[in-house]
Amino acid sequence: MKKIVLIPDSFKGTLTSMEICSLLTRAVREILPGTAAVQIPVGDGGEGTADAFWMAMGGQRRALSVSGPHFESVGSSYVLLPDGTAVIEMAAAAGLPLCHSPLDPMNATTYGVGELMADALNYGCTRIILGLGGSATNDGGCGAACALGAKFFSSSGEAFIPTGGTLEQIASIDLSCLHATLGGIPVTCMCDIDNPLYGETGAARVFAPQKGASPEQVRVLDRGLRHLAKKIREAVGFDISALPGAGAAGGMGGGCAAFFGGQLKSGIETVLDTVRFDHLAADADLIVTGEGKIDSQSVHGKVVCGVSKRALALKIPCIAIVGDAGEGYESLYEQGLTAVFSINRTAIPFEQAQKRAQEDLYRTACDIFRVVRTFPPGGPFDV
């Protein structure tokens, strides 16, 4: 075996994708010496996404102070890839970990996200990839739009920065002063959900309770997003109310599409295209992917699903190493997945298994590669 491509998602709360890549590479070197291990850590749009791109492609990290989720100054950063693409995480400026208790989605803002975007544009980036994950906000992206020059006016004609709780106060929107170079820069939004902006499955009703919203606040936030969609339609003639994914990150998905011309795209597809996965994996003998838990949700555009489909097209075996295997993932075998291996080596509670995840993953990988080593070229691992 000459080349293995390693492209795992993180095991949420246990191992980062970069840590997993490192452990898998160590196993490759021990069991399959002389085999090249190509590491492509994956981020899903939340915290760690920029670092994953950085490790896979290189580039530079730009650090700056921006407005946090409650307009306080916070240290933040984004990654500028060698091709001029800026990778920005919402979580780096508007993320839940930046919030003090209690959480307050009524007053949280994405203004700092817009400041990161503005810095990238001023620096001359040629494309923006925006990770829509881990946000504490429900402002429909209005804060970010304000940081980039948009104006929101109340019924009295006063300009203000809308938050989730004040969206209903928007009387008109003026996008004529948006950042001069924004219109010529492609904006790709990493989005792995298809929730609409508002309604029963919208941003507020599904996600706002996780951000600290009470039942009454959920109703206010939902009405605000409905009102925002109306005002956007009046301002630019674009209806985001039924746009799949508009409800991502507190409505940031819809805001990105309306304010920045953003394209909502699967996170894993964005990663695979950006790192030129098909080219990197074209001559590989094996692809190893994985995620914290594989189950019925994994078949809907998650990392293992996306990688398996590419592996099938390339006719390369694809193995998934996972923290836990649930029910309903079996259709992935028809989409290119060769086999699934869980690192759960003993029947112990998750709290205990979490502490030994590194060693269990390494040992599982070594066992897999020992089996792989026994098959000659043209053997059972050929697709």
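A few comments on the model shown:
- Of residues in segment 57-74 being closer than 14 Å to M117 by Cβ and in contact (Cβ under 8 Å) with a residue 60 or more places away in the chain, the one surrounded by the fewest Cβ atoms within 10 Å (Cβ to Cβ): R62
- Scanning segment 317-376 for residues that are outside any helix (DSSP H, G or I), under 27 Å from the mean Cα position of the chain (by Cα) and among the charged types (D, E, K, R) returns D324, E327, R356.
- Qualifying positions in segment 267-278 - surrounded by fewer than 22 Cβ atoms within 10 Å (Cβ to Cβ), in contact (Cβ under 8 Å) with a residue 12 or more places away in the chain and not acidic (D, E): T274, V275
- Contact map, segment 281-304: residues that are closer than 14 Å to Q335 by Cβ paired with residues that are of a type in the set (S, T, Y) and modelled with pLDDT of 95 or more, Cβ distance under 8 Å, separation 6+ or inter-chain. Pairs shown: T289/S308; V303/T289; V304/T289.
- If you go through segment 5-19 and keep only what is within 23 Å of V372 (Cα to Cα) and either surrounded by 24 or more Cβ atoms within 10 Å (Cβ to Cβ) or of a type in the set (F, W, Y) (or both), you end up with V5, L6, I7, P8, D9, S17.
- Odd one out for C305, checked against (1) buried (at least 17 other Cβ atoms within 10 Å of the Cβ); (2) farther than 26 Å from P244 by Cβ; (3) not polar (S, T, N, Q): (2)
- Just so you know, in segment 151-161 the residues that are touching a Phe, Trp or Tyr at 6+ places or on another chain (Cβ under 7 Å) and surrounded by fewer than 18 Cβ atoms within 10 Å (Cβ to Cβ) include one that is farthest from G124 (Cα to Cα), and it is S154.
- Selection within segment 228-246: residues that are out of contact with any Ser or Thr (no Cβ under 9 Å at 6 or more places or on another chain), open to solvent by less than 10 Å² (accessible area, probe 1.4 Å) and among the small types (G, A, S). The member of this set that is farthest from H70 (Cα to Cα) is G245.
- Test: residue in segment 315-338 that is free of Cβ contacts under 8 Å to residues at least 24 places away in the same chain and of a type in the set (D, E, K, R): yes
- Residue count for segment 162-174, restricted to those that are part of a loop (DSSP other than H, G, I, E, B) and surrounded by 19 or more Cβ atoms within 10 Å (Cβ to Cβ): 3
- Segment 29-47, residues that are surrounded by fewer than 24 Cβ atoms within 10 Å (Cβ to Cβ) and either outside any loop (DSSP other than H, G, I, E, B) or not acidic (D, E) (or both): R29, E30, I31, L32, P33, G34, T35, A36, A37, V38, Q39, G46
- In the set (1) more than 20 Å from the chain's Cα centre (by Cα); (2) open to solvent by 10 Å² or more (accessible area, probe 1.4 Å), W54 fails one condition alone, (1).
- Residues of segment 239-284 satisfying the condition of being part of a strand (DSSP E or B) and either polar (S, T, N, Q) or over 11 Å from L130 (Cβ atoms) (or both): Q263
- Checked against (1) open to solvent by 10 Å² or more (accessible area, probe 1.4 Å); (2) without any contact (Cβ under 8 Å) to a residue 60 or more places away in the chain; (3) in a helix (DSSP H, G or I), D194 passes all but a single condition, namely (3).
- For S77, the requirement of being in contact with a Lys or Arg (Cβ under 8 Å, 6 or more places away or on another chain) and either open to solvent by less than 50 Å² (accessible area, probe 1.4 Å) or farther than 17 Å from S135 by Cα (or both) is met.
- T85 being open to solvent by less than 40 Å² (accessible area, probe 1.4 Å) and more than 18 Å from the chain's Cα centre (by Cα): no
- Residues located in segment 127-158, provided they are of a type in the set (S, T, N, Q) and free of Cβ contacts under 8 Å to residues at least 60 places away in the same chain: S154, S155, S156
- Residue within segment 89-108 that is farther than 18 Å from G164 by Cβ and touching a Phe, Trp or Tyr at 6+ places or on another chain (Cβ under 6 Å) present: no
- Looking only at residues of segment 199-227 that are assigned to a loop (DSSP other than H, G, I, E, B) and out of contact with any Pro (no Cβ under 9 Å at 6 or more places or on another chain), we find that the one that is surrounded by the fewest Cβ atoms within 10 Å (Cβ to Cβ) is E200.
- Filtered residues of segment 101-145 (kept if polar (S, T, N, Q), out of contact with any strand residue (DSSP E or B) (no Cβ under 9 Å at 6 or more places or on another chain) and open to solvent by 10 Å² or more (accessible area, probe 1.4 Å)): S101, N107, N122
The values are calculated or read from the model by the stated rules, or taken from the named source; none is laboratory data. Keep in mind that what you see is a predicted model, and the values were worked out from it rather than measured. A quick note on method: Cβ atoms are made from the backbone with ideal geometry, for glycine too, and the neighbour counts reach across all protein chains shown. Keep in mind that these areas ignore ligands, DNA and RNA; they rest on the heavy atoms of the full protein, side chains included. Shrake-Rupley method; radii C 1.70, N 1.55, O 1.52, S 1.80 Å.
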